[in-house]
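Chemist: Pasting a structure here, questions to come.
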Amino acid sequence: MKYDLHVHSLVTGGKYSRVEILTMAKQQNLKYISFTEHNYIETLDTDIKVINGIEFDVKLNYSFHLLCYFPKISS
């Protein structure tokens, strides 16, 4: 099973649009992908399984990035 669970698109500083990334993922026969944009989440409908993810910027006494998968989205 092929997957990439840490992908950034143009939304948060990546090099490619989400559509371009999904096209490349299909060409590489990926089965799962997770867009883990910085402090941003959006669900997508595609034939590749997209795992909802988000990357938080955390600042305590030091800074780091925290990847979260399957976050609950409420309105």
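Chemist: Count, please, the residues in region 25-52 that happen to be in a loop (DSSP other than H, G, I, E, B), modelled with pLDDT of 90 or more and open to solvent by 40 Å² or more (accessible area, probe 1.4 Å).
Modeler: 3
Chemist: So which residues in region 5-37 are under 9 Å from the mean Cα position of the chain (by Cα) and either of a type outside the set (Phe, Trp, Tyr) or at positive phi (or both), if there are any at all?
Modeler: Those that are under 9 Å from the mean Cα position of the chain (by Cα) and either of a type outside the set (Phe, Trp, Tyr) or at positive phi (or both): LEU5, HIS6, VAL7, HIS8, SER9, ILE33, SER34, THR36, GLU37.
Chemist: Examine region 14-24 for a residue that is assigned to a loop (DSSP other than H, G, I, E, B), under 23 Å from LYS72 (Cα atoms) and at pLDDT 90 or above, and state whether such a residue exists.
Modeler: No; the residues of region 14-24 include none that is assigned to a loop (DSSP other than H, G, I, E, B), under 23 Å from LYS72 (Cα atoms) and at pLDDT 90 or above.
Chemist: Quick check: is even one residue across region 53-73 on the phi > 0 side of the Ramachandran plot, assigned to a loop (DSSP other than H, G, I, E, B) and touching a residue at least 12 places away in the same chain (Cβ under 8 Å)?
Modeler: Yes: region 53-73 contains one or more residues that are on the phi > 0 side of the Ramachandran plot, assigned to a loop (DSSP other than H, G, I, E, B) and touching a residue at least 12 places away in the same chain (Cβ under 8 Å).
Chemist: Further question: Restricting region 5-24 to residues that are touching a helix residue (DSSP H, G or I) at 6+ places or on another chain (Cβ under 8 Å) and of a type in the set (Val, Ile, Thr), which is surrounded by the most Cβ atoms within 10 Å (Cβ to Cβ)?
Modeler: My answer is VAL7.
The values are calculated or read from the model by the stated rules, or taken from the named source; none is laboratory data. Note that the structure is predicted; figures quoted are calculated from it, not measured. Quick reminder, even Gly has a Cβ in these numbers, built from the backbone with ideal geometry, and neighbours come from all protein chains shown. Ligands, DNA and RNA are stripped out before the accessible areas are found, and what is left, the full protein with its side chains, is counted by its heavy atoms. Shrake-Rupley method; radii C 1.70, N 1.55, O 1.52, S 1.80 Å.
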